[in-house]
Amino acid sequence: MTPDSAIRVQELSKVYRLYSRQRDLLLELVSRRPRHTEFWALKDVSFEVGRGEVVGVVGRNGAGKSTLLKILAGTLDKTMGEVEIHGKVSAILELGTGFHDDYSGRENIYMGGLCLGMSKAEIDRKFDSIVAFSELGEVIDRPFRTYSSGMKAKLTFSTAISVDPEVLILDEALAAGDAYFVNKCMGRVREICSSGATVFFVSHSTQLIQELCTRAMWIDAGRLVLDDKSAVVASAYNRSIWAETERKNQERNENARIEGHTAQYDVGGSRLRITAVRLLDAAGTEKALFDHGEPFRLRIEWEGSSDQEKVFAMVRIDGDLHHAVVGIDGSDHGFLQGGGRVSGRGAIEFEVPALHLAQGTYFVTCSLRFLQYPRSREDYLHYRERVAHFSVRHPDRHFVHRTVYDPPVVFRDVGTAKRTGEAA
């Protein structure tokens, strides 16, 4: 380990023994025959972090990030490998450590601070600023059990984030409470990152990783997949997430086409039925992940017959919050087999030249109906709810608003209007 290094990890591994039944542990000890399976939470992880470096860590849930943080913090034993850390370490891994419902907020600040490695004198010095940061001065002497969950989160995070570490190990998921307080907490994290401290920072937000960190690591299935500049790691990790999203969407869509597999809600279809719904790009390739603004084609395949004339398709696209965001009335565009009686097999397509939906996951509901007025439930021939899934990706978006429609926008600076009487 060089003098300029703060953290050195060499071939670090952690294995857990998993037992299907509690008594298997005792039987294993008595018989000396293994009755467990092994789960490697970490496997041969090696890296070095320099003093003053801010390093982000990304990875899916269960990838091994929390295990790594706990080993670095000294709260979990390793199975194999070496870990060296130079400097005073402060680890914020779990909110509420040292806090107890029967004690007051004031007493809990002291207990929580001691658990974080601060001395009583240090807590005395920081007490007023901790209370001010939490904005709970009026209730600081009340029992902790009388606090709401949001108030508890504020006090525990305010205590945790008051440390002045040489090496900070931080789980970003700890930021809790309302949006205002979360922003306040992340402002404090930014201060620590720019203070010269060595920071090892786990986050699910690749945008935040790129903002705070110059370097990032990607951990997957217990292994270090990539260690590079934060922008490089964020890009690679995001690509893997979108690839997995598309794979799952395609799997769902394929399952919906398997004979006997119904949609979430399926009505009718005894004579005329929707047999498949396919999502296509401009080249006609079936896919389940689209970039914002690219062409989108939806093909509905059908078979059977109907005595009704002017049969058409209707399409509804729902967002993942169960709101309808797009509705297409096929009677405005054309009818199956020219509007006469329908028989045999066929397919129709709806094309959206540019898909201006916001980033997110969407669900397609389709139906076959015949034209009659007034419209009612009686004119449904087949209805299939959430029969296809797709996702929209917004390229190079640093901050994604929680919107539904995300249209192209033209910006113009038209200048400031002159005041009345001002010379031209």
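Every read-out reported here was derived from the displayed coordinates using simple, explicitly stated rules and does not represent laboratory data. What you are looking at is a predicted structure, and each value in this text was computed from that prediction instead of being measured. Here the Cβ is made from the backbone with ideal geometry for all residues, glycine too, and neighbour counts use every protein chain on show.
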Principal axis box of segment 146-257, alpha-carbon based, largest edge first, Å:
53, 39, 24
Bounding extents of the chain in its principal axis frame from Cα atoms, largest first in Å, are 96, 87, 47
Plugging the Cβ-Cβ distance of Glu38 and Ile328 into 1/(1 + (r/R0)^6) at R0 = 41 Å yields, to the nearest 0.05, a FRET efficiency of 0.20
Suppose the chain between Gln207 and Arg188 were pulled fully straight at 0.36 nm per residue; how much longer would it get relative to their current alpha carbon spacing?
5.1 nm
Magnitude of the Cβ-charge dipole (Lys and Arg +1, Asp and Glu -1) of the chain about the Cα centre, nearest 20 debye, reported as 700
Report P(r) for segment 1-123: all Cα-Cα distances, bin width 5 Å, range 0 to the bin holding the largest distance, values in whole percent.
2, 9, 14, 15, 14, 14, 12, 10, 6, 3, 0
Once the in-chain neighbours fewer than 8 apart are removed, the lysines whose Cα is under 22 Å from Lys154 read Lys120, Lys126, Lys184
Computed FRET efficiency, Cβ-Cβ of Val15 and Lys120, R0 41 Å: what is it to the nearest 0.05?
0.60
Can you put Leu12, Leu298, Leu27 in order of Cβ neighbours within 10 angstrom, beginning with the fewest?
Leu27, Leu298, Leu12
On the formula 1/(1 + (r/R0)^6), with r taken between the Cβ atoms of Arg252 and Ala132 and R0 of 51 Å, the FRET efficiency rounded to 0.05 is 0.55
For Tyr110, Tyr19, Tyr237, ascending order of other Cβ atoms within 10 Å (fewest first) is Tyr19, Tyr110, Tyr237
Mind giving me the nanometre distance, one decimal, between the label points for Glu351 and Tyr373, set 7 Å out from Cα along Cα→Cβ?
3.1
Point-to-point label distance, Gln22-Ser195, nm (Cα→Cβ direction, 7 Å offset):
4.4
Take the alpha carbon atoms of segment 268-296, find their center, do the same for segment 98-151, and report the distance between the two centers in whole angstrom.
56
Short to long, in 10 Å steps from zero, the percent of alpha-carbon pairs of segment 312-359 per bin is 20, 44, 25, 11, 0
Given backbone amide H placed at 1.01 Å from N, residues whose amide H is under 5 Å from that of Leu226, ignoring those fewer than 5 places away on the same chain, are Trp218
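Using only C-alpha atoms and all pairs of different ones, pull out the Kirkwood radius for segment 330-396 in Å with one decimal.
Hydrodynamic radius (Kirkwood, Cα only) of segment 330-396 equals 14.7 Å.
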Please identify which residues in segment 13-44 have an amide N closer than 17 Å to a label point set 7 Å out from the Cα of Leu76, following the Cα→Cβ vector.
13-19, 38-44
